[in-house]
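K.L.:
Below is one structure. I have some questions about it.
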Amino acid sequence: MSPIDNPVIVAARDIIRRDDPERLAGPDSMSLHYTVCPARADAHVFEITFTIGGRIAAGEPLRFARWIPGSYLIRDFAKSVLRLADGHGQPLTKIDSAGWLLPAADDGLTLRLQVHARDASVRAAWLDRERGFFNGTSLFPYLPARIHEPVTLDILPPAHAEGAHWTVATTLETVDVDARGFGRYRAADFDELVDHPVEMGAMQQVSFEACGVPHEMVIAGGVPFDETRLREDLKVICEAHLRFFGAPAPMPRYLFQTALVDVGYGGLEHRASTALMATREALPMPHRAIGQAGADGIERSEDYVTFLGLCSHEYFHTWNVKRIKPARFIPYDFDREVPTRLLWFFEGITSYYDDLTMVRAGLITRDAYLELVAKTASRVRRGAGRLVQSVTDSSLDAWTKFYKQDENSPNAIVSYYAKGALMSLCLDGWIREASGGKRSLDDLMRDLWQRWRDTGEGLAEDEPERRVAALAGEAVAERLSALLDATGDLPLEQALNTLGVALSWRSRGGSGDVGGTAAAKAAGQPWFGAVLGAGDGGARLVQVFADGPAERAGLAPGDVVVAIGGYRVDKGTLDGWLARHDGRAEVDVHAFQRGRLVVRSLPVEPSPTDVAVLGIVDEARADAWLAVSEA
């Protein structure tokens, strides 16, 4: 059966095109056309031609997107534009940091621009001799008055010698492309155009089908790895999500675009693909297994499990964020901040299901999953920001606080990802308890998916509470509502007990103790009260925790501690030297503070009990939680 005839794919296309009857119009009907060429790889410059058909009034604005959906920060992509001129080489008149004025034209206009592309993140664009990558928001200007018109895009091959081996990987709809993927693509509008990033280069490829839907991962900067292991594990994850939400799938095919780097980690979701960034250690080693065995008996390294969790997270976004989304995001306004209180729901619930799906699918054991939950609980508890900021304020402040973190962030903010995941766990427990185990968060998510399929509408800001009330009763909804706007700790102990799991807390075992396990070397030893980094001749304070020993000693981020009790220390030895003074009231600390050597008295105090430890106490309830509920 060909992909075109596959009934799963046909049904998916029906969903995608439900509100877009003109989508299949031929390319001749398109009046907006882009051509992108990786023209100057050594200078990291893309050259773009933008052809605008029809009459253009004098002074009509042309703009660049100021942010990219899924990453809630004004990034002003226009800053990377090197030159923007009309077809005669005349520069356009600039009106602000992201806008220009178009000249009058009776029969269309051609614009040419150059964009510098050397942002290695998943959010922007990159070009060198080895690889090209771009999100459309980084390269393509748009006309606000015509943002909903269909567009075509020509992707040209590079001219440099290495480019002879390049191929194109994108989920844009093809019109006429060659065997390498260069040629013409189309999109229903600007929103769709920029929601299909493009990867170019000599890539490794891993292909598979999940529930009848073609899937592919392309890998740039790759190394030898176990292709079979990666293919099989991705297939398990994707099929688990597809079965969770039910047929048909929301996309005709899916693409994981992965860039391997020396340092970095992250992903950005799109409607039929995701852009991922991870280190080379994330891929499974060929011909040998290193790490803990999953429930299926197969060993996987910690780095690889983390990467699979990232893949699971971004794939779940195909439903939750790319379809089910805040009403404020329909349509996207690319020119300004679009705050919503619902990021805790969309990122938090996705963060809850990414690892939960892996344990349900057998890729990790129950104990390994509980350790991951415990690490999240520990991370939230050891930040004083949880006492200052609610999870809804964290959502609203994403544009100014979460994406602009500084040295004081642990004391000022709480992550809507991490606390949102714990909120989701609590909500799951409450729904199960209120319904006598007949309902769960699974039912809420499937109800929201069915709602989107029926209406295509976004969620109002208070809709999660109203939906929970309909599913589990007013009492649960009121409980949720109260915690959404509250600061402080969540009632995790009670929620986990409902799920058959006991939660206890132990003290931290040194600055590198990330939590999650029952035992820790030197647990309860004195703590310094700071995040440490390598410093010039000592230990640099990266972040200082509110009301901790370092803060009360007058130390601040950026200080470099060089001695404790008169003995030299660095990042690796500081904890040990501090432990030697256990039982004393204080100890002298020598540090360089803005270049000046100072001596401070550090209180010697036991580490706080902020490390969560989870264990199953009721097998039946835990089994019910860690299995997919019936649709």
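The values are calculated or read from the model by the stated rules, or taken from the named source; none is laboratory data. In this text the structure is predicted, and so the values were computed from the model without any measurement. Neighbour counts are summed over all protein chains in view; Cβ atoms, including those assigned to glycine, are modelled from backbone coordinates with ideal geometry.
K.L.:
If you go through segment 172-197 one residue at a time, how many are surrounded by fewer than 22 Cβ atoms within 10 Å (Cβ to Cβ) and over 20 Å from Ile52 (Cα atoms)?
P.N.:
Count: 10.
K.L.:
I'd like the full set of residues that are farther than 20 Å from Leu268 by Cα and part of a loop (DSSP other than H, G, I, E, B), limited to segment 190-227.
P.N.:
Once the filter is applied, which keeps residues that are farther than 20 Å from Leu268 by Cα and part of a loop (DSSP other than H, G, I, E, B), segment 190-227 yields Ala202, Cys211, Gly212, Val223, Pro224, Phe225, Asp226.
The rows are residues; the columns are (1) in a strand (DSSP E or B); (2) β-branched (Val, Ile, Thr); (3) farther than 14 Å from Gly538 by Cα.
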| site | (1), (2), (3) |
| --- | --- |
| Asp570 | no, no, no |
| Gly583 | no, no, yes |
| Val589 | yes, yes, no |
| Phe592 | yes, no, no |
| Val598 | yes, yes, no |
| Ser601 | yes, no, yes |
| Thr609 | no, yes, yes |
| Val613 | yes, yes, yes |
| Asp623 | no, no, yes |
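K.L.:
Given the conditions (1) over 27 Å from Ala384 (Cβ atoms); (2) in contact with a helix residue (DSSP H, G or I) (Cβ under 6 Å, 6 or more places away or on another chain); (3) not hydrophobic (A, V, I, L, M, F, W, C), report the number of the one that Gly595 does not fulfil.
P.N.:
That leaves (2) as the condition not met.
K.L.:
Something else now. For Glu465, all conditions in the list (1) under 24 Å from Gly385 (Cα atoms); (2) out of contact with any Lys or Arg (no Cβ under 8 Å at 6 or more places or on another chain); (3) of a type in the set (D, E, K, R) hold save one; what is the number of the exception?
P.N.:
For Glu465, the exception is condition (1).
K.L.:
So, one more: Quick check on my filter: what residues within segment 218-249 are without any contact (Cβ under 8 Å) to a residue 60 or more places away in the chain and buried (at least 19 other Cβ atoms within 10 Å of the Cβ)?
P.N.:
Val218, Leu230, Leu242
K.L.:
I would also like to ask the following. Any residue that is crowded, with 17+ Cβ neighbours inside 10 Å, at pLDDT 95 or above and under 30 Å from Thr228 (Cβ atoms) - is there at least one of those in segment 338-347?
P.N.:
Checked segment 338-347: no residue is crowded, with 17+ Cβ neighbours inside 10 Å, at pLDDT 95 or above and under 30 Å from Thr228 (Cβ atoms).
K.L.:
Can I ask one more? Which of the residues that make up segment 398-421 are assigned to a helix (DSSP H, G or I) and either of a type in the set (A, V, I, L, M, F, W, C) or surrounded by fewer than 18 Cβ atoms within 10 Å (Cβ to Cβ) (or both)?
P.N.:
Selection gives Ala398, Trp399, Phe402, Tyr403, Lys404, Ser409, Ala412, Ala418, Ala421.
K.L.:
Hey, any hits in segment 107-119 for a residue that's in the same structural domain as Pro69 (by TED's automatic domain parsing), closer than 23 Å to Arg253 by Cα and not β-branched (Val, Ile, Thr)?
P.N.:
no
K.L.:
Got a sec? Which of Asp397, Asp462, Asp443 is closer than 28 Å to Leu242 by Cβ and either at pLDDT below 95 or assigned by TED's automatic domain parsing to the domain that holds Glu493 (or both)? Show your work before the answer.
P.N.:
On the way: Asp397 fails: closer than 28 Å to Leu242 by Cβ; Asp462 fails: closer than 28 Å to Leu242 by Cβ.
Being closer than 28 Å to Leu242 by Cβ and either at pLDDT below 95 or assigned by TED's automatic domain parsing to the domain that holds Glu493 (or both) holds for just one of Asp397, Asp462, Asp443, which is Asp443.
K.L.:
Which is surrounded by 14 or more Cβ atoms within 10 Å (Cβ to Cβ) and closer than 26 Å to Pro410 by Cβ, of Ala563, Ala622?
P.N.:
Unique residue meeting the criteria: Ala563.
K.L.:
Which of the following residues is modelled with pLDDT under 95, outside the structural domain of Thr110 (by TED's automatic domain parsing) and either surrounded by fewer than 20 Cβ atoms within 10 Å (Cβ to Cβ) or closer than 17 Å to Gly99 by Cα (or both): Gly54, Gly59, Gly26?
P.N.:
None of the others qualify; the one that does is Gly26.
K.L.:
Kindly indicate whether Gly558 is outside the structural domain of Leu356 (by TED's automatic domain parsing), without any contact (Cβ under 8 Å) to a residue 24 or more places away in the chain, farther than 30 Å from Gly436 by Cα and not in a strand (DSSP E or B). Show your work before the answer.
P.N.:
Numbers: outside the structural domain of Leu356 (by TED's automatic domain parsing): yes; without any contact (Cβ under 8 Å) to a residue 24 or more places away in the chain: no; farther than 30 Å from Gly436 by Cα: yes; not in a strand (DSSP E or B): yes.
Here the answer is no, as Gly558 does not meet what is asked.
K.L.:
Could you please give the count of residues in segment 139-169 that are more than 17 Å from Gly201 (Cβ to Cβ) and either crowded, with 20+ Cβ neighbours inside 10 Å or in contact with a helix residue (DSSP H, G or I) (Cβ under 9 Å, 6 or more places away or on another chain) (or both)?
P.N.:
Taking segment 139-169 as the starting set, the residues that turn out to be more than 17 Å from Gly201 (Cβ to Cβ) are 140-154.
With either crowded, with 20+ Cβ neighbours inside 10 Å or in contact with a helix residue (DSSP H, G or I) (Cβ under 9 Å, 6 or more places away or on another chain) (or both) added as a condition, the list becomes 140-143, 146-153.
Number satisfying all stated conditions: 12.
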